[in-house]
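The values are calculated or read from the model by the stated rules, or taken from the named source; none is laboratory data. Everything quoted here is computed from the prediction, not taken from an experiment. So basically every Cβ, Gly included, is an ideal-geometry build from the backbone, and we count neighbours across all protein chains shown.
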Amino acid sequence: MRKRFSARATVMLMLLASVFTCVVISATVGRELGLFSDRYTLVRQYAAMLRVVESRYVGEYDTDEIAASAMKAAVDTLDDQWSFYMTRDEFLRYLDRSSNRYTGIGVLVTEEPDAGGIRVEFVHRNSPAQIAGIVAGDIIIAVDGTDTTDIGLDQLRDLLARPLETLAQVTVLREDETIEDLSVVFSIIFTDPIMFEMLDDNIGYIEIANFNTGAAKSFISATEDLVQQGASAFIYDVRGNGGGMLSEMVGILEYLLDQGELFVSVDKKGSEEIIFSDGPGMVDLPTVVLINRESYSAAEYFAAILREYDYAVIVGQQTSGKGRSQQLFRLPGGGAINLSSAEYFTKNRVNLFDAGGVTPDHILLLSDENFALLMAGTLEKTEDSQLNLAIELLRR
């Protein structure tokens with residue numbers, strides 16, 4: 001027989017089903033959000049602290065700065081120099097740097113209180129600053145007539161900021177004590193991470209400034225150009241190279257090396273991932289790689305893997321050693337965290353952090369003065385003893 005339900009019973013069943021569904025959803029959401037964990041208590045504590053500040057603090061404060069400081073401090077407690085938090089603005093600048101572009105006039109600067117201004121350490125090739133006549137060693141003492149002799153880098157950046165393709169009047173103090181007013185265009189600066197030239201004895205020289213966007217394509221183009229010119233050997237200079245993207249480094253290694261393992265990564269769960277080169281290598285010529293203590297991450301790994309394949313000899317200074325790779329995680333509000341999420345190893349299963357960095361086959365240190373000039377991009381090749389040793393080795 002067919003059972004009959006009253007309207008009242010039907011409504012009660014529907015209500016019970018709805019209540020059960022709500023309980024299940026609430027439990028699931030609560031578990032995902034950590035509402036039943038110590039993390040939720042920490043969130044409540046932070047919210048309570050903000051309420052106390054808002055209701056009782058007598059001074060001025062910025063809620064965004066409090067939040068950013070809390071986030072930075074949280075990541076800092078991991079005691080990992082390669083992990084860091086970025087605010088929205090910092091994250092946008094990070095993306096620009098990773099793309100080898102930024103807005104500005106095309107200079108790298110440092111604060112020089114003793115010199116009375118901001119010192120220009122490096123001027124990018126073909127940048128508005130170079131076109132206007134700014135050179136390394138200049139001291140920026142004013143922007144649009146505003147004195148810059150007693151301000152920081154952030155304030156200088158604010159003074160220079162303006163609509164793209166408009167002029168900034170930059171006053172510089174030259175090393176010969178003369179003062180010049182220069183008109184510089186504020187624009188998007190695209191920086192080629194690769195510089196190359198043919199040295200004597202048909203030695204191709206390629207400097208890799210970083211392994212960010214475009215590095216592999218530009219490296220391959222430079223190599224083929226030099227080979228067409230008759231290069232019989234190569235020097236790859238990664239001194240001062242702070243690293244960059246794994247994909248760009250792998251792109252260069254795949255171009256150079258035969259089949260084999262290029263990169264070994266182990267995540268938190270112990271899972272191993274290996275990137276292979278399909279080969280065959282396109283260039284098989286005597287090679288030297290230049291490194292120093294400012295060769296980090298992909299730069300030191302690049303040198304290490306080329307040596308493990310007996311492809312290159314290494315000249316220069318011991319690197320610092322980095323054995324962790326990072327992932328970028330975007331956060332609500334526009335910020336992001338760059339977090340060490342895996343350890344990496346060479347094909348011989350060497351962790352460069354555990355190894356204390358890469359030890360050159362030929363150790364040679366620059367003087368403090370020449371090291372500073374090298375990092376500023378102003379060291380003459382005739383004074384670069386590391387480069388000259390590399391040349392001598394290739395000549396042999």
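Just checking: which of the helices (runs of 4 or more DSSP H) contained wholly in segment 70-185 hold 1 or more residues that are touching a Phe, Trp or Tyr at 6+ places or on another chain (Cβ under 7 Å) and without any contact (Cβ under 8 Å) to a residue 40 or more places away in the chain?
Those helices (runs of 4 or more DSSP H) span 88-98.
Please enumerate the residues belonging to segment 109-166 that are hydroxyl-bearing (Ser, Thr, Tyr) and either buried (at least 17 other Cβ atoms within 10 Å of the Cβ) or outside the structural domain of Val185 (by TED's automatic domain parsing) (or both). Don't jump to the end; show me each part of the working.
Of all residues in segment 109-166, those hydroxyl-bearing (Ser, Thr, Tyr) come to 110, 127, 146, 148-149, 166.
Passing the criteria: Ser127, Thr148.
Considering only residues that are without any contact (Cβ under 8 Å) to a residue 12 or more places away in the chain and either of a type in the set (Phe, Trp, Tyr) or not in a helix (DSSP H, G or I) (or both), which ones fall in segment 380-396?
Within segment 380-396, Glu380, Arg396 meet the criteria.
Report every pair of residues separated by at least 6 positions or lying on different chains whose Cβ atoms are under 9 Å apart, first residue within segment 358-378 and assigned by TED's automatic domain parsing to the domain that holds Ala390 and among the small types (Gly, Ala, Ser), second at pLDDT 95 or above and surrounded by fewer than 18 Cβ atoms within 10 Å (Cβ to Cβ).
That search, which allows pairs on different chains as well, returns Ser367/Ser385.
For segment 193-211, which positions are of a type outside the set (Ser, Thr, Tyr), surrounded by 15 or more Cβ atoms within 10 Å (Cβ to Cβ) and assigned to a strand (DSSP E or B)?
Across segment 193-211, the qualifying residues are Ile194, Met195, Phe196, Leu199, Ile203, Gly204, Ile206, Glu207, Ile208, Phe211.
Can you tell me how many residues within segment 136-165 are modelled with pLDDT of 90 or more, in contact with a strand residue (DSSP E or B) (Cβ under 9 Å, 6 or more places away or on another chain) and over 20 Å from Tyr102 (Cβ atoms)?
Result for segment 136-165: 6.
Only one of (1) in a helix (DSSP H, G or I); (2) in the same structural domain as Gly133 (by TED's automatic domain parsing); (3) not charged (D, E, K, R) is not met by Val250, so which one is it?
Val250 satisfies all of (1) in a helix (DSSP H, G or I); (2) in the same structural domain as Gly133 (by TED's automatic domain parsing); (3) not charged (D, E, K, R) except (2).
Checking Ile25 against (1) within 41 Å of the chain's Cα centre (by Cα); (2) surrounded by 10 or more Cβ atoms within 10 Å (Cβ to Cβ); (3) at pLDDT below 65; (4) part of a helix (DSSP H, G or I): exactly one of these is not met. Which one?
(1)
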